[in-house]
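The values are calculated or read from the model by the stated rules, or taken from the named source; none is laboratory data. Bear in mind that the values here come from a model prediction, so they are computed numbers and not experimental data. Using ideal geometry, Cβ is built from the backbone for each residue, glycine included, and neighbour counts are taken over all protein chains shown. Accessible surface areas use protein heavy atoms only, side chains included; no ligands, DNA or RNA. Shrake-Rupley method; radii C 1.70, N 1.55, O 1.52, S 1.80 Å.
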Amino acid sequence: MKILDEVRRRHGFRLVGYVVMPEHVHLLLSEPAKKNPSKILQVLKQKVARALLKKQRRETNGQMSFPFEGRTREEAHFWQRRFYDFNVWSEKKLKEKLEYMHANPVQRKLVQHPKDWPWSSWAHYAGKGENRIRID
């Protein structure tokens, strides 16, 4: 969340909604003032991956690690190579995308209700308190 906020400030885009899942993330954002959405996601992915690798190295400091047999090169990456974008042009589509994103943890049976998933913008839209990051 800290890295997302840093990238948002640096590149000038509005964060409209988000849901962070265990293995992926949903972001609803505006066109950035600087660069393009592909470049923004590249920067975000690089910064998150570097931070996680640095954390992993600290946690395993002094321990020897071996790669698991059968692990492919693709599995060694934190992020997928591509992202899927969708242009939102209407209030109706905006609401639809936010509802889909916020329902994702429920659909995956991680929680009973979107309010129970703290890594999303649901609380902002429900008027139920603070988010972990500012919503524009």
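Test Glu130 against the criterion of being surrounded by fewer than 12 Cβ atoms within 10 Å (Cβ to Cβ) and either of a type in the set (D, E, K, R) or part of a helix (DSSP H, G or I) (or both), and give yes or no. Yes. Considering (1) at pLDDT below 95; (2) open to solvent by 100 Å² or more (accessible area, probe 1.4 Å), the lone condition that Glu74 does not fulfil carries the number (2). When you scan region 85-97, do you find a residue that is under 12 Å from Tyr18 (Cα atoms) and either open to solvent by 100 Å² or more (accessible area, probe 1.4 Å) or at pLDDT 90 or above (or both), even just one? Yes, some residue in region 85-97 is under 12 Å from Tyr18 (Cα atoms) and either open to solvent by 100 Å² or more (accessible area, probe 1.4 Å) or at pLDDT 90 or above (or both).
For region 19-53, a residue qualifies if it is part of a helix (DSSP H, G or I), without any contact (Cβ under 8 Å) to a residue 40 or more places away in the chain and hydrophobic (A, V, I, L, M, F, W, C), and the qualifying residues are Ile40, Val43, Ala49, Leu52, Leu53.
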